[in-house]
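**Q** Okay, handing you the structure first.
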Amino acid sequence: MTAHSSARLASGARGLEQPTLRRVLPVLLAAVALLLSACAPVIPTDGPVGTTEPDTGEEAAPQIQPQSPGEGADENSIIEGFIQAGVGPQDEFSVAREYLTPELAETWNPAQRTWVYSADPVFFPDGEDSYTVQMEVEAVVDADGIMTPLPEGRSESFEIEVGEHDGEVRIAEAPDFTMIDSVNFNRVYASYTLYFYDPQQQYAVPDQRWFATRTGTASRVAAALLDGPAPYLEPAVSSAFPEGAALEHASVPIDDGQARVELAAGALQGASAEQQQLMIHQMDLALTQLNDVSSVEMTVGQQVLEVDEDLEPLDVIDEPVVTAPQVGILDDQLGRLDGYHELSIPNLPDISALEPQHPAVPEAEDDVFAFLDGEAERLFHVRPDQEPEEMLSGESLTRPSMDNFGWTWVASANDDGAAVHALPYGEDAEDSEDAGDAEDSAVELSVDWLDGVGISSLRVSQDGARVAIVLEEGDERSLHVAGIIRDASGVPYGIGSPIRLPVTTDIEEARWISADELVVWASSEEDSQKIERVSFSGTTQAVGPVLLGLQNVSVGEGTSIGGNQRQLFAETVEDPVQVLPGQLWSTENDVEMRDYSYPG
């Protein structure tokens, strides 16, 4: 199998109302496909399929029924049918196996990967009985359900060989993966969230996975949890289950709403009562999200795993919610914005001479703030009854982000690219006699993938395990999320390899809106700008109508006003505060504060 990149020759606009994977109009994928178009059939993505209800399964949902091969079908029809049969995971892709020779049908392993394609695939002969298949792939889902979005316009190819069986054309060689178009992917696959723990075990950090909706979902979710976190999260989180823990059996039966998970012998070897409590909690979070699971029972060697009654109940947060007011700038002073009420901060020193901008405050504390000077070259911490303390100087500092573990984060520019700094804000660290100069206490993190690039935005999630970064490479900006590597005491010392999330608009800044979603935007003095919501699943959705002269957007992770509707605040050149309580922006004329930000 070979893979290569190809430029996109045409594209389709994304609908703004429904979040979907990137959609594009059918395009020709490469010059070779143009030259060979006469012998390169195009596979339609709207082929003859129907829907049926699965007989049984942990997650009962309508499924798409692909067509079996017709009698006397030629090579083109067999290859087309095999690709389209990727919409039918029922009975281990039994219909797709009908397109294979019996020998290949026995060994073919479709669970290894799934290609999610956008434009219609094309294929053409490449030697005797051999064909090359090309398609634009926008995401790949691996055996553990980990989705990797690919850059827009990415073209992939693979080889197929055909043969004969009982006088019928069948596929004799094919790679171990399935293919499905992006529209049907959202019908056939569903997302599930696994959880792993931050080093202090205060937060359950989400790890989104995708599995086909069919019988056996519970076992696939449980097995993926035991396999551990996605690669980008691995250095930042931990699992309560020891390495090598596995299911004793391939299935996880569900009886009257209870999922029974039998672990292989050795899963509890050396595990403390506290660790076993975390195991139960972790598996419960993973499986109770299934519609037909209300409780979980884990066993090892027929012994039921139970929480020690002498242990304190776990206090692990799996859905962080920002509750503290925003911090902003009013008359060159810091203030709080509680709903639409502007509040002064008692006993703060006068900082007007520093021309403060881009203030920040942590959710965990309400008496320490960070801000930049007017040139964005110096970072300060300030507390009531204390003079502001310069913590860092540098070029092109980003808006600070303050986590819940005592650290303020900021990025700077240097000759080699961008650098990420973490500075302690806890009073113990700042007041320590051994602290010395404030800049000496700063930690410059090891991030090898920042060489030669810039950073326009950096935002740490409330769980402190992940950081969202907007990278600048020339005129291009892109959104990335990476795991934060800390020691056992919570001190950060590195950032892991990132994943890239697709966006469909110009971006400059990013904020967490939930544990697995961000909002992004770019500021402008004169133009209308779109705010976009980006999910870890690779979907995007416009947030409200475009805004003219957009300067700033503020939203707190998990914040909600009026039920489950998350409310966004936006600042434009003309209006300090516009809010989005529903579908349309509303101007709040009584608020004059600007440059505001929710805790985080």
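The values are calculated or read from the model by the stated rules, or taken from the named source; none is laboratory data. Remember, it's a predicted structure, so these values are computed and weren't measured experimentally. Note: ideal-geometry Cβ built from the backbone for every residue, glycine included; neighbour counts use all protein chains shown. These accessible areas exclude ligands, DNA and RNA; they are computed on the full protein's heavy atoms, side chains included. Shrake-Rupley method; radii C 1.70, N 1.55, O 1.52, S 1.80 Å.
**Q** I need a count of the residues in the range 446-475 that are free of Cβ contacts under 8 Å to residues at least 12 places away in the same chain and either of a type in the set (F, W, Y) or in contact with a helix residue (DSSP H, G or I) (Cβ under 8 Å, 6 or more places away or on another chain) (or both).
**A** 0
**Q** Scan the range 385-405 for residues that are assigned to a strand (DSSP E or B), within 28 Å of Q200 (Cα to Cα) and not small (G, A, S) and jot them down.
**A** M391, L392, M402
**Q** Would you point out which residue out of E342, E319 is in contact with a Gly (Cβ under 7 Å, 6 or more places away or on another chain), open to solvent by 40 Å² or more (accessible area, probe 1.4 Å) and under 29 Å from D516 (Cα atoms)? Break it down stepwise before answering.
**A** Values: E342 fails: under 29 Å from D516 (Cα atoms).
Result: E319 is the single residue among E342, E319 that is in contact with a Gly (Cβ under 7 Å, 6 or more places away or on another chain), open to solvent by 40 Å² or more (accessible area, probe 1.4 Å) and under 29 Å from D516 (Cα atoms).
**Q** Looking at T114, is it within 30 Å of V252 (Cα to Cα) and hydroxyl-bearing (S, T, Y)?
**A** In short, yes.
**Q** Counting only residues that are at pLDDT below 95 and open to solvent by 30 Å² or more (accessible area, probe 1.4 Å), how many does the range 232-245 have?
**A** Adding up the residues that qualify gives 3.
**Q** So, in the range 263-286, exactly how many residues are under 19 Å from Y192 (Cα atoms) and either in contact (Cβ under 8 Å) with a residue 40 or more places away in the chain or assigned to a loop (DSSP other than H, G, I, E, B) (or both)?
**A** Result for the range 263-286: 5.
**Q** What residue, among those in the range 322-335 that are assigned to a strand (DSSP E or B), of a type outside the set (A, V, I, L, M, F, W, C) and in contact (Cβ under 8 Å) with a residue 24 or more places away in the chain, is farthest from N552 (Cα to Cα)?
**A** G335
**Q** If you don't mind, there's one more thing I want to ask. Give the residues of the range 368-384 that are part of a strand (DSSP E or B) and of a type in the set (V, I, T), sorted by residue number.
**A** Selection gives V382 alone.
**Q** Condition first: assigned to a loop (DSSP other than H, G, I, E, B) and among the charged types (D, E, K, R). Now tell me which residues in the range 342-360 satisfy that.
**A** Restricting attention to the range 342-360, the residues satisfying the condition of being assigned to a loop (DSSP other than H, G, I, E, B) are 345-351, 355-356.
Answer for the range 342-360, where residues must be assigned to a loop (DSSP other than H, G, I, E, B) and among the charged types (D, E, K, R): D350, E355.
**Q** Consider T408 carefully, then state whether it is touching a Leu at 6+ places or on another chain (Cβ under 9 Å), under 21 Å from A418 (Cβ atoms) and assigned to a loop (DSSP other than H, G, I, E, B). Steps first, answer last, please.
**A** Working: touching a Leu at 6+ places or on another chain (Cβ under 9 Å): yes; under 21 Å from A418 (Cβ atoms): yes; assigned to a loop (DSSP other than H, G, I, E, B): no.
When the stated conditions are applied, T408 does not pass them.
**Q** Can you confirm whether E342 is of a type in the set (D, E, K, R) and in contact with a Lys or Arg (Cβ under 6 Å, 6 or more places away or on another chain)?
**A** Numbers: of a type in the set (D, E, K, R): yes; in contact with a Lys or Arg (Cβ under 6 Å, 6 or more places away or on another chain): no.
Judged against the criteria, E342 is not a match.
**Q** Please enumerate the residues belonging to the range 211-230 that are more than 16 Å from R113 (Cα to Cα) and part of a loop (DSSP other than H, G, I, E, B).
**A** Correct list: R214, T215, G216, G228, P229.
Conditions (1) at pLDDT below 95; (2) in a strand (DSSP E or B); (3) over 29 Å from A224 (Cβ atoms), marked per residue:
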site: A139; (1), (2), (3): yes, yes, no
site: E161; (1), (2), (3): no, yes, yes
site: A172; (1), (2), (3): no, yes, yes
site: F185; (1), (2), (3): yes, no, no
site: S191; (1), (2), (3): yes, yes, no
site: D207; (1), (2), (3): no, yes, no
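**Q** Among the listed residues S537, S560, S528, S586, identify the single one that is surrounded by fewer than 23 Cβ atoms within 10 Å (Cβ to Cβ), at pLDDT 95 or above and of a type in the set (S, T, N, Q).
**A** S528
**Q** Could you please let me know if G556 is assigned to a loop (DSSP other than H, G, I, E, B) and closer than 20 Å to R336 by Cβ?
**A** Spelling it out, G556 is indeed assigned to a loop (DSSP other than H, G, I, E, B) and closer than 20 Å to R336 by Cβ.
**Q** Quick check on E365: is it part of a strand (DSSP E or B) and either exposed (fewer than 14 other Cβ atoms within 10 Å of the Cβ) or acidic (D, E) (or both)?
**A** no
**Q** Please work out which residue is surrounded by the fewest Cβ atoms within 10 Å (Cβ to Cβ), limiting yourself to the range 129-148 and to residues that are hydroxyl-bearing (S, T, Y) and either in contact with a Pro (Cβ under 7 Å, 6 or more places away or on another chain) or within 25 Å of G216 (Cβ to Cβ) (or both).
**A** T148
**Q** Okay, moving on. Filter the range 315-358 for residues that are among the aliphatic types (A, V, I, L, M) and more than 26 Å from the chain's Cα centre (by Cα) and give the result.
**A** V327, I329, L330, L334, L337, L343, I345, L348, I351, A353, L354
**Q** Going by the structure shown, is L568 farther than 30 Å from E234 by Cα and open to solvent by 10 Å² or more (accessible area, probe 1.4 Å)?
**A** Spelling it out, it is not the case that L568 is farther than 30 Å from E234 by Cα and open to solvent by 10 Å² or more (accessible area, probe 1.4 Å).
**Q** Same structure, new question: Checking N291 against (1) open to solvent by 70 Å² or more (accessible area, probe 1.4 Å); (2) under 30 Å from V553 (Cβ atoms): exactly one of these is not met. Which one?
**A** (2)
**Q** Kindly list, by first and then second residue, each pair from a residue in the range 566-589 that is over 14 Å from G544 (Cα atoms) to a residue that is aromatic (F, W, Y), limited to pairs with Cβ atoms under 7 Å and residues at least 6 apart or on different chains.
**A** Close Cβ pairs (under 7 Å, with a partner that is aromatic (F, W, Y)) amount to V577/F569; E588/Y340.
**Q** Any idea which residue in the range 404-431 is modelled with the lowest pLDDT, counting only those that are open to solvent by less than 70 Å² (accessible area, probe 1.4 Å) and more than 19 Å from L450 (Cβ to Cβ)?
**A** E430
**Q** Report yes if P492 is open to solvent by less than 30 Å² (accessible area, probe 1.4 Å), out of contact with any Ser or Thr (no Cβ under 8 Å at 6 or more places or on another chain) and modelled with pLDDT of 95 or more, otherwise no.
**A** Yes: the conditions hold for P492.
**Q** For residues that are in contact (Cβ under 8 Å) with a residue 60 or more places away in the chain and surrounded by fewer than 17 Cβ atoms within 10 Å (Cβ to Cβ), tally how many sit in the range 476-489.
**A** We begin by selecting, within the range 476-489, every residue in contact (Cβ under 8 Å) with a residue 60 or more places away in the chain; these are 481-488.
Among the residues that remain, those that are also surrounded by fewer than 17 Cβ atoms within 10 Å (Cβ to Cβ) are: 487-488.
The qualifying residues number 2.
**Q** Could you tell me which of the residues D487, D451, D434 is within 23 Å of A376 (Cβ to Cβ) and modelled with pLDDT under 95?
**A** D451
**Q** Right, S219: of a type in the set (S, T, N, Q), out of contact with any Gly (no Cβ under 8 Å at 6 or more places or on another chain) and farther than 22 Å from G301 by Cβ or not?
**A** no
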